[in-house]
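Undergrad: One structure coming up, written as structure tokens, with questions to follow.
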Amino acid sequence: DRPPLYLGGKVDMGLFIGSSLKYPIIALENGVSGKVEIAFTIDSIGQTSNYRVTKGIGSGCNEEALKVVKMLPERWLPGIYRGKAVKVQYFMPVFFRIN
């Protein structure tokens, strides 16, 4: 019926991640940029667990993305399926771009 929702929306989530993410020095030195995908579980009461990197780019970016996504405040509404709150696997992209 509905996927999990972050209270504050994608804007708040993006602002938190953007302000917390530190570009790893080794990635900067080697010109590494791209998308790291973090997967985690959101249970039927909105609690998160089982964080892992499902797609990475290396050079410290995977670890940094995982650390920051784990720091995201627990403000989730669970997914709804057939009118009931359910456990859902959620995939979050974290982008590293060199300016």
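Undergrad: Quick one: would you say Leu28 is farther than 27 Å from Arg82 by Cα and at pLDDT 95 or above?
TA: Here the answer is yes, as Leu28 does meet what is asked.
Undergrad: So Trp76 clears everything in (1) free of Cβ contacts under 8 Å to residues at least 60 places away in the same chain; (2) open to solvent by less than 90 Å² (accessible area, probe 1.4 Å) except one condition, right? Which one?
TA: Result: Trp76 passes all but (1).
Undergrad: Continuing with the same structure: Of the residues Phe91, Phe95, which is more than 24 Å from Arg2 (Cα to Cα), at pLDDT 95 or above and surrounded by fewer than 18 Cβ atoms within 10 Å (Cβ to Cβ)?
TA: Only one candidate qualifies: Phe95.
Undergrad: Moving to a separate point now. Between residues in the stretch 47-69 that are touching a residue at least 24 places away in the same chain (Cβ under 8 Å) and within 16 Å of Ile17 (Cβ to Cβ) and residues that are assigned to a helix (DSSP H, G or I) and among the polar types (S, T, N, Q), which pairs lie under 9 Å by C-beta distance while being six or more apart or on different chains?
TA: Listed by first residue and then by second, the contacts come to Val68/Ser20.
Undergrad: Also: Test Leu28 against the stated conditions and say whether it is surrounded by fewer than 17 Cβ atoms within 10 Å (Cβ to Cβ), out of contact with any Ser or Thr (no Cβ under 8 Å at 6 or more places or on another chain), of a type outside the set (Phe, Trp, Tyr) and under 22 Å from Pro3 (Cα atoms).
TA: No: the conditions fail for Leu28.
Undergrad: Identify, by number, the condition in (1) within 16 Å of the chain's Cα centre (by Cα); (2) free of Cβ contacts under 8 Å to residues at least 40 places away in the same chain that Ile26 doesn't meet.
TA: So the condition that Ile26 fails would be (1).
Undergrad: Inside the stretch 31-59, can you point out the residues that are open to solvent by less than 30 Å² (accessible area, probe 1.4 Å), over 21 Å from Pro78 (Cα atoms) and either modelled with pLDDT under 95 or of a type outside the set (Val, Ile, Thr) (or both)?
TA: Within the stretch 31-59, Gly34, Gly58 qualify.
The values are calculated or read from the model by the stated rules, or taken from the named source; none is laboratory data. Keep in mind that this is a model prediction, so the values were computed, not measured. Positions of Cβ are backbone-derived with ideal geometry, glycine not excepted, and every protein chain shown enters the neighbour counts. Just so you know, the surface numbers come from the protein's heavy atoms only, side chains and all, with ligands and any DNA or RNA stripped out. Shrake-Rupley method; radii C 1.70, N 1.55, O 1.52, S 1.80 Å.
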